[in-house]
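The block underneath contains the structure these notes are about, expressed in structure tokens.
The values are calculated or read from the model by the stated rules, or taken from the named source; none is laboratory data. The shown structure was predicted, so the numbers you read here are calculated from the model rather than taken from an experiment. Cβ sites come from the backbone with ideal geometry, for glycine too, and all protein chains shown count toward neighbours.
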Amino acid sequence: MTPPIAKLGAQRIPLVGIYFRLRDIIIRPSELVYGCQRNYGNVFTIRVPFNFDLTYLMTEQGFDYVTHLPSDVARMAGVMFNVPAIGSWLPRSDPREPHLQALLLAGRTFIGRRILEPDRIEEAVAGLDSLIDQHLTSWNGELNLAHRLPAMIHDACGRSVLGEDLWGRMRNEAIPALRDLADGIDIPRATLAKTPYRYFMPEYRATFALQRLFRRVLADQHGAAGDSLLDEIRAIDVGGGGLDETDSVWMLLYILWNALTYPGAYGLWCLLDIVSHREVLEELRRRNAEERAKLLSHCISETIRLSPITSLPRVLAEDVEYEEDGVRYRIAAGSYIATGMHVTSRDPQRFKKPSRWDPLRYEHGESVPPLFGQGPYGCVAQNFVRKLLVKSLDSVLQRFDIALTNEPPARKTRVHLTYPKVAIGVTLTRRTAD
């Protein structure tokens, strides 16, 4: 059988109804998905008129099924077309779907094996003390944490991923532009990006500012020893040869996009969670460096668990069949298949008080769910992100007592946990050594 269909906009409904359907698709995607689950069960299809069918499998079994589908069956290129900077704005040597799919897979392999090789990242993160000190030395009195902390995290990410020399030649231009791209990973903005309004969007201008920057860096390379990473990027094999300049620029952005898209936002909200939970902050103060690192990692897990990626979609290259509770479903090639992270992150069978932020739960035997996805498209940067955020947050908390001067806004998760649209004021007091 085919899954029950939630026809959004397909049926005749009043104009005001169409508005609210579009609002659900664009503004409140997680509410839409979980509302459909309540109405249609754990397997259902959202039919978006004139666009695509999107089938959700909303159980832990479905989560495992979707995330472990082979990359040649469940493809990401069709999904990434909806991420403007990576999918549609920045030129590629071939704009078609097969080439984008090949670039995505080759890029993931290169990032995992070369950029984020464990020993390299261990050394890179351990060597961030001077960079973090440079940022934190300028933190005094009152400041906007929503600006200053992500800037530090992005700087640390860029240096860890590209190396001190290469990142040093682009950091001043790259940091603000990459923040604009991170702000743009938001469904309403991705929707606007498909209209002429894109020409007025900061992330559109930032994409082409980065293109000019990367072209200049590649042109200035001339085989210098310090630029060996650029030579390796050029040599990435996609279809029997290395990358030309156009695809090399795209790959540089893809590498940085993977490294910088989420850590700034999740690091910011995690620090706010810690500051807002005095018992956790005091527990961190009591612990030595090794034990603090473990608890900080759990803090990061909790912040992600409560505001995870809303949807993990794939585009099917062939028909697939899925069976659950004795019912077999057929999902057609060309349609989307997806699952939701909440099926594991908010499972009351897995967690006591699943809606509560409680990093100590993991020390009491509860297990960390697969917050970064899994399978062929599981996040290749997850270990790096943990190490870097632990280092960054520990450095801030060891140096300062932090008091909020305004109430943070409500969190919004549209694809991922987004940055606040208003300043988050804090007053800092430098701590004395214990």
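Tally up the residues in segment 112-161 that are outside any helix (DSSP H, G or I), within 13 Å of Leu229 (Cβ to Cβ) and without any contact (Cβ under 8 Å) to a residue 40 or more places away in the chain, please.
Number satisfying all stated conditions: 1.
When residues of segment 289-319 are filtered for being assigned to a helix (DSSP H, G or I), of a type in the set (A, V, I, L, M, F, W, C), within 30 Å of Ser335 (Cα to Cα) and touching a helix residue (DSSP H, G or I) at 6+ places or on another chain (Cβ under 7 Å), how many remain?
1
Among the residues of segment 377-394, count how many are of a type in the set (Gly, Ala, Ser), modelled with pLDDT of 90 or more and surrounded by fewer than 19 Cβ atoms within 10 Å (Cβ to Cβ).
Qualifying residue count for the region: 0.
In segment 336-368, what residues are small (Gly, Ala, Ser) and either farther than 20 Å from Tyr56 by Cβ or surrounded by fewer than 17 Cβ atoms within 10 Å (Cβ to Cβ) (or both)?
Kept after step one, since they are small (Gly, Ala, Ser), are these residues of segment 336-368: 338, 340, 345, 355, 365, 367.
Listed by number, the residues that qualify are Ser355, Gly365, Ser367.
Considering only residues of segment 53-83 that are within 21 Å of the chain's Cα centre (by Cα) and either among the small types (Gly, Ala, Ser) or within 29 Å of Asp231 (Cβ to Cβ) (or both), which is surrounded by the fewest Cβ atoms within 10 Å (Cβ to Cβ)?
Looking at the filtered set, the residue picked out is Ser71.
Of (1) modelled with pLDDT under 75; (2) within 17 Å of Tyr322 (Cα to Cα), Pro49 satisfies all except one. Which?
With (1) modelled with pLDDT under 75; (2) within 17 Å of Tyr322 (Cα to Cα) applied to Pro49, the lone miss is (2).
Return yes or no: is Asp247 in contact (Cβ under 8 Å) with a residue 12 or more places away in the chain, more than 27 Å from Ile309 (Cα to Cα) and acidic (Asp, Glu)? I'd like the intermediate steps shown before the answer.
On the way: in contact (Cβ under 8 Å) with a residue 12 or more places away in the chain: yes; more than 27 Å from Ile309 (Cα to Cα): yes; acidic (Asp, Glu): yes.
Taking the combined requirement at face value, the residue satisfies it.
For segment 401-430: of the residues being assigned to a loop (DSSP other than H, G, I, E, B) and aliphatic (A, V, I, L, M), which is surrounded by the fewest Cβ atoms within 10 Å (Cβ to Cβ)? Walk me through how you get there before you give the answer.
Of segment 401-430, the ones assigned to a loop (DSSP other than H, G, I, E, B) are 405-412, 415, 418-424.
Checking the rest, the ones that are also aliphatic (A, V, I, L, M) come to 410, 415, 422-424.
On the way: Ala410: 6, Val415: 18, Val422: 12, Ala423: 14, Ile424: 23.
For segment 401-430, the residue satisfying everything is Ala410.
Cβ-Cβ below 9 Å, separation at least six or inter-chain, first residue in segment 192-221 and under 14 Å from Leu181 (Cα atoms) and in contact (Cβ under 8 Å) with a residue 24 or more places away in the chain, second basic (Lys, Arg) and assigned to a helix (DSSP H, G or I): which pairs?
Cβ pairs passing all conditions: Glu203/Arg189; Tyr204/Arg198; Ala206/Arg179.
Would you mind stating whether Val343 is within 21 Å of the chain's Cα centre (by Cα) and not in a loop (DSSP other than H, G, I, E, B)? Full working, then the answer.
Working: within 21 Å of the chain's Cα centre (by Cα): yes; not in a loop (DSSP other than H, G, I, E, B): yes.
Taking the combined requirement at face value, the residue satisfies it.
Just for segment 273-297: of the residues that are closer than 11 Å to Leu397 by Cα and among the aliphatic types (A, V, I, L, M), which one is nearest to the chain's Cα centre (by Cα)?
Only one residue fits best here, namely Leu296.
Identify all residues within segment 84-119 that are more than 30 Å from Tyr197 (Cβ to Cβ) and buried (at least 19 other Cβ atoms within 10 Å of the Cβ); write none if there are none.
Matches in segment 84-119: Arg108, Phe110, Ile111, Ile115, Leu116.
Does segment 302-312 hold any residues that are surrounded by fewer than 21 Cβ atoms within 10 Å (Cβ to Cβ) and over 14 Å from the mean Cα position of the chain (by Cα), and which are they?
Leu306
Can you say whether Ala190 is under 25 Å from the mean Cα position of the chain (by Cα) and either of a type outside the set (Lys, Arg) or modelled with pLDDT of 90 or more (or both), as far as the supplied structure shows?
So Ala190 fits the description; yes.
Gln398 is checked against (1) in a loop (DSSP other than H, G, I, E, B); (2) without any contact (Cβ under 8 Å) to a residue 40 or more places away in the chain and fails just one. What number does that condition carry?
Result: Gln398 passes all but (1).
Suppose we keep only residues that are among the polar types (S, T, N, Q) and touching a Ser or Thr at 6+ places or on another chain (Cβ under 9 Å) within segment 354-405. Which one would you say is nearest to Pro313 (Cα to Cα)?
Gln374
Counting only residues that are in contact (Cβ under 8 Å) with a residue 40 or more places away in the chain and among the small types (Gly, Ala, Ser), give me the helices (runs of 4 or more DSSP H) lying completely in segment 27-106 with at least 2 of them.
77-80
Consider segment 162-194. How many of its residues are in a helix (DSSP H, G or I), in contact with a helix residue (DSSP H, G or I) (Cβ under 9 Å, 6 or more places away or on another chain), under 24 Å from Arg215 (Cβ atoms) and not hydrophobic (A, V, I, L, M, F, W, C)?
First, pick out the residues of segment 162-194 that are in a helix (DSSP H, G or I): 162, 164-168, 171-183, 187-192.
From the residues that got through so far, the ones that are in contact with a helix residue (DSSP H, G or I) (Cβ under 9 Å, 6 or more places away or on another chain) too are 162, 164-168, 171, 173-183, 187-192.
Then keep just the ones that are under 24 Å from Arg215 (Cβ atoms); that gives 162, 164-168, 171, 173-183.
Still in the list and also not hydrophobic (A, V, I, L, M, F, W, C): 164-165, 168, 171, 173, 176, 179-180, 183.
Within segment 162-194, residues that are in a helix (DSSP H, G or I), in contact with a helix residue (DSSP H, G or I) (Cβ under 9 Å, 6 or more places away or on another chain), under 24 Å from Arg215 (Cβ atoms) and not hydrophobic (A, V, I, L, M, F, W, C) number 9.
Go through segment 395-434 and report how many residues are under 21 Å from the mean Cα position of the chain (by Cα) and of a type in the set (S, T, N, Q).
The qualifying residues number 2.
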